[in-house]
Amino acid sequence: MLNSVKISHRQSEIRQSLAALVGKPELTDDETRSMETLDTEYRQNETKYRAALIAEDEERRDAGKELETRSGNEWAELVGKFEMRQVALALDEGRALDGATAEIVQELRSKGGYRGMPVPWQALELRAGETVASGTPDPLQTRPIIDRLFPDSVASRMGAQMISIDAGATEWPVVTSSVSAGWANGETANVPGPSAFATTDKALKPEQNLGIQMKITRKALKQSGDALEQAVRRDMNSAIGQAMDAAIFLGAGSSGEPLGVITGQSTYGITATDAGALADWAAFRAGVVRFMSANAAGSPNSVRALIRPELWSLLDDTLISGTAVSEWDRLVKHIPSGNIAMSTNALADPSGDPSETQVLLTTSAGGVAPIFVGVWGGVDLIRDPYSDAQSGGLRLTALTTADVTVARPSQLELITGLELEVSE
């Protein structure tokens, strides 16, 4: 108990004793001396109380940071202190967690079941010394979101929204009706309508589990400083990020994978247009025009594009006749280069004769992200000390549950048949 609190309690006791003595009509010599003693102690305690408050000011501020109820900013600061090396050493040696790491693990356990050690998704972000893209998430409604889980991932660059779900399935109602206004045809005529206001529920279900296995050698375990911290964080970040990106766009929807937006183009109702010609800016422009005609985008610079590096190579090498301007220059003039993501992981390899590739266009409309990615709880880190026991190593399995869905199919556009070579 803080000294100031103890002094405060003693002052209350003194006041009660003095009140009892003052109420007596006549006092004995002992009671008079007792009043003088209590009065002296009370005045001395007042000085001690003020000194205790000054001394405990810093301690009170630290205690205030440990309150269970925190705002989003306070939670982010706490997660920023999470140490992956503590988790690794706790799983390997049974070392007790302490500080912010222990508190975060305890809070995650209170919200969900974990077989191993829970790790918050935000803790997988690369820390000081690493390049991290800037950006602020735009949450829908009041649901919590994961703040830029993988800042450099294709999913985040294409506008996908990561949603944290505690338990159960979650549905997101999206307006699908076409309510329109109209003028009354005459003085006594009625306005058109009524038009039904309809929504479609976009469900995220905890039916797909993603897992990775990591080996931590004895040497790495003995490097209990930043070397282990960054190594574990970097490996988990890249492995999960690569698998998530591939599943979000190319997931088969079977064999344990969620249905990706490109693979499930027809299921999600995404418009696919076959360019059927050598790739150029005109094919992109046609897709942007379709976005703008459907009121999904207000201008070309609000459109994001996912392309293959081979397509960039072709566009950059194709010059407009009689000029030094390439098709790539025309593209980035209207769609900023920051809105273009190149990936060999999230798009299938070019195929066919002549070789053809695809492009995915997305846009955010009305604050609604084009793609929802739901994750349930944190990363469940499970310890296996036996598989690598001969070398003194530790094997970790990281499990997470995730699902993918599309908000409005009109916010995505797939362009196929973009030829990368002239047909013969």
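The values are calculated or read from the model by the stated rules, or taken from the named source; none is laboratory data. Computed from a predicted model, the values in this text were never measured in an experiment. We place every Cβ from the backbone using ideal geometry, glycine too, and count neighbours over all the protein chains shown.
Here is how the numbers come out for the structure above:
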read-out	value
Count - residues of the range 98-124 that are without any contact (Cβ under 8 Å) to a residue 24 or more places away in the chain, buried (at least 18 other Cβ atoms within 10 Å of the Cβ) and not small (Gly, Ala, Ser)	2
Residue satisfying condition, being crowded, with 18+ Cβ neighbours inside 10 Å and outside any strand (DSSP E or B), within set Ala402, Ala398, Ala346	Ala346
Matching residues in the range 316-340 - criterion: being closer than 26 Å to Ile248 by Cα and more than 27 Å from the chain's Cα centre (by Cα)	Leu331, Val332
Of all residues in the range 350-365 being in a strand (DSSP E or B) and not β-branched (Val, Ile, Thr), the one that is modelled with the lowest pLDDT	Ala365
Extreme residue, modelled with the highest pLDDT, among residues of the range 99-135 that are of a type in the set (Asp, Glu) and more than 26 Å from Lys215 (Cβ to Cβ)	Glu103
Residue among Leu2, Leu78 that is surrounded by 10 or more Cβ atoms within 10 Å (Cβ to Cβ), within 30 Å of Val232 (Cβ to Cβ) and modelled with pLDDT under 80	Leu78
Selection within the range 401-424 - modelled with pLDDT under 85 and under 28 Å from Leu210 (Cβ atoms)	Ala407, Arg408
Any chance Thr170 is among the hydroxyl-bearing types (Ser, Thr, Tyr), surrounded by fewer than 16 Cβ atoms within 10 Å (Cβ to Cβ) and either modelled with pLDDT under 65 or under 26 Å from Phe372 (Cα atoms) (or both)	no
Selected residue [of a type in the set (A, V, I, L, M) and within 18 Å of Thr362 (Cα to Cα)] from Ala272, Ala252, Ala279	Ala272
Of all residues making up the range 274-295, the number that are β-branched (Val, Ile, Thr) and exposed (fewer than 15 other Cβ atoms within 10 Å of the Cβ)	1
Of residues in the range 236-289 being among the acidic types (Asp, Glu) and assigned to a loop (DSSP other than H, G, I, E, B), the one nearest to the chain's Cα centre (by Cα)	Glu257
Members of the range 247-256 found to be surrounded by fewer than 21 Cβ atoms within 10 Å (Cβ to Cβ) and at pLDDT 90 or above, listed by number	Leu250
Identity of the residue in the range 290-312, outside any helix (DSSP H, G or I) and not hydrophobic (A, V, I, L, M, F, W, C), that ends up modelled with the lowest pLDDT	Asn295
Exclusive hit being in contact with a helix residue (DSSP H, G or I) (Cβ under 9 Å, 6 or more places away or on another chain), exposed (fewer than 13 other Cβ atoms within 10 Å of the Cβ) and small (Gly, Ala, Ser), set Ser321, Ser302, Ser391, Ser364	Ser391
Qualifying residue in the range 200-221 (condition: modelled with pLDDT of 80 or more, under 17 Å from Ile371 (Cα atoms), surrounded by 20 or more Cβ atoms within 10 Å (Cβ to Cβ) and among the hydrophobic types (A, V, I, L, M, F, W, C))	no
